[in-house]
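The values are calculated or read from the model by the stated rules, or taken from the named source; none is laboratory data. Note that the coordinates shown come from a computational prediction; the quantities given were computed from them, not determined experimentally. Cβ coordinates were reconstructed from backbone atoms using ideal geometry, including for glycine residues, and neighbour counts include every protein chain displayed. Surface accessibility is based on the protein's heavy atoms, side chains included, excluding ligands, DNA and RNA. Shrake-Rupley method; radii C 1.70, N 1.55, O 1.52, S 1.80 Å.
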Amino acid sequence: MSRPLQLLIISDGKPGHRNQSVGLAEALARLTPTDYRIIELDDWARGKKILGACHSAQQGPRPDWIIAAGHSTHLCALVLSRYFDARSIILMKPSLPLSLFDVCLIPRHDLKGRAPQSHVIPTTGALNRMTFSGSKEPLGLIMIGGDSKDYAFDSSELRDAITKVIRAHALDWHITDSRRTPADFLESLRDLPVTLHPHQLTGPDWLPNQLRRSEVAWVTHDSVSMIYEALSSGAMVGVLPMHQKKTHSKISRTIEELAQQGYLTTFKGLQENNPLLKCPPFAEADRCAEILLHQFSTSSS
């Protein structure tokens, strides 16, 4: 019996970046025997991260592939890939030259229309761990973000939009917030016919499990990673409005393209009586995993 594919994930401690890397690892495991482990760079002080990661990596099986997401992981991933003679796979556009890595999985909007190099795999948004269960319940899930570099949070406007969404769909509604949501916002929704789930009281598996079950998901405009997770879950997806700080942001362009392609409905579309759309679920992690396995098996034969 052949040895399982050994993956080493380099994490910068950010949940969104870790989610992308683990999502790819889990997709690979669905296709071929795979083991993965994670090294957290935050476990070591600045200046000692690479040495600490090298020491930690030596304590386990020799990695075949090294997966990393986030600018602070790139140098470490490069060093470890050279040290172990392992494949280097970077998620999102790296801070170092693309040619230094074996494969880069880069969202199409970051390629800005340019033809990708041969070792670049364009992706539709960020990868994630979400999978489609094949069955849904009459549940609605609303996911609230908060202030960001691109969007400003308006509690009054958002509450009004949420109220209209709930009235538009006869579902068992659940609402959760995030670390960026104003502390008093969720409490201001208590008079609505919803079940509230403060993020402080939900475990790491609550949100993906709830998404898998939910027929409908509405996400605030700022939370693009959650939009892609909702699309990957097979839910019908809507986007709640927020005030843009920039006239033409990368996120707003992405959401406009998804709406034009029929993947989601904007709040403006809801007001114009446009129906929520049921689309085939995204499965970008699985698609990329298949490409990687084919590419590396071909190059090693």
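Considering PRO15, PRO33, which residue is free of Cβ contacts under 8 Å to residues at least 60 places away in the same chain and more than 15 Å from ASP64 (Cα to Cα)? Outline the logic, then answer.
Working: PRO33 fails: more than 15 Å from ASP64 (Cα to Cα).
Just a single option satisfies the conditions, and that option is PRO15.
Working only within the range 188-203, note down all residues that are surrounded by 12 or more Cβ atoms within 10 Å (Cβ to Cβ) and either closer than 29 Å to ARG253 by Cβ or over 20 Å from the mean Cα position of the chain (by Cα) (or both).
So the first thing to find is which residues in the range 188-203 are surrounded by 12 or more Cβ atoms within 10 Å (Cβ to Cβ), and the list is 188-189, 192, 194, 196-199, 202.
Hits for the range 188-203 are SER188, LEU189, LEU192, VAL194, LEU196, HIS197, PRO198, HIS199.
Those residues that are modelled with pLDDT under 90 and either of a type in the set (Lys, Arg) or under 21 Å from PRO63 (Cβ atoms) (or both), I need them from the range 95-118; list them, please. Talk me through it step by step, then tell me what you get.
Going through the range 95-118, the residues modelled with pLDDT under 90 turn out to be 95, 107-118.
Result: ARG108, LYS112, ARG114.
Count, please, the residues in the range 245-267 that happen to be modelled with pLDDT under 90, open to solvent by 20 Å² or more (accessible area, probe 1.4 Å), not acidic (Asp, Glu) and not in a loop (DSSP other than H, G, I, E, B).
5
Quick one: in the range 75-100, of everything that is small (Gly, Ala, Ser) and assigned to a loop (DSSP other than H, G, I, E, B), which residue is surrounded by the fewest Cβ atoms within 10 Å (Cβ to Cβ)? Lay out the reasoning, then the answer.
Kept after step one, since they are small (Gly, Ala, Ser), are these residues of the range 75-100: 77, 81, 86, 88, 95, 99.
Then keep just the ones that are assigned to a loop (DSSP other than H, G, I, E, B); that gives 86, 95.
Details: ALA86: 20, SER95: 12.
By that ranking, first place goes to SER95.
Going through the range 204-244 one residue at a time, which ones are aromatic (Phe, Trp, Tyr) and either assigned to a helix (DSSP H, G or I) or open to solvent by 30 Å² or more (accessible area, probe 1.4 Å) (or both)? Outline the logic, then answer.
Quick first cut of the range 204-244, residues aromatic (Phe, Trp, Tyr) only: 206, 218, 228.
Once the filter is applied, which keeps residues that are aromatic (Phe, Trp, Tyr) and either assigned to a helix (DSSP H, G or I) or open to solvent by 30 Å² or more (accessible area, probe 1.4 Å) (or both), the range 204-244 yields TRP206, TYR228.
Only residues that are part of a helix (DSSP H, G or I), modelled with pLDDT under 85 and surrounded by fewer than 19 Cβ atoms within 10 Å (Cβ to Cβ): list them for the range 17-55, please.
Initially, the range 17-55 is screened for residues part of a helix (DSSP H, G or I), giving 17-29, 41-43, 49-55.
From the residues that got through so far, the ones that are modelled with pLDDT under 85 too are 42-43, 49-55.
Of everything in the range 17-55, those that are part of a helix (DSSP H, G or I), modelled with pLDDT under 85 and surrounded by fewer than 19 Cβ atoms within 10 Å (Cβ to Cβ) turn out to be ASP42, ASP43, ILE50, LEU51, GLY52, CYS54, HIS55.
May I ask you to list the residues in the range 34-85 that are in contact with a strand residue (DSSP E or B) (Cβ under 7 Å, 6 or more places away or on another chain) and aliphatic (A, V, I, L, M)?
If the condition is that a residue be in contact with a strand residue (DSSP E or B) (Cβ under 7 Å, 6 or more places away or on another chain) and aliphatic (A, V, I, L, M), then ILE38, ILE39, LEU41, ALA53, ALA57, ILE66, ILE67, ALA68, ALA69, ALA77, LEU78, LEU80 are the ones that fit.
So ALA68 fits all but one of (1) in contact (Cβ under 8 Å) with a residue 24 or more places away in the chain; (2) in a helix (DSSP H, G or I); what number is the exception?
The failed condition is (2).
Looking only at residues that are outside any loop (DSSP other than H, G, I, E, B) and open to solvent by less than 10 Å² (accessible area, probe 1.4 Å) in the range 144-162, which one is nearest to LYS246 (Cα to Cα)?
Pass one, the range 144-162, residues outside any loop (DSSP other than H, G, I, E, B): 151-152, 155-162.
Subset that is open to solvent by less than 10 Å² (accessible area, probe 1.4 Å): 151, 158, 161-162.
On the way: TYR151: 8, LEU158: 19, ALA161: 21, ILE162: 23 Å.
This residue is TYR151.
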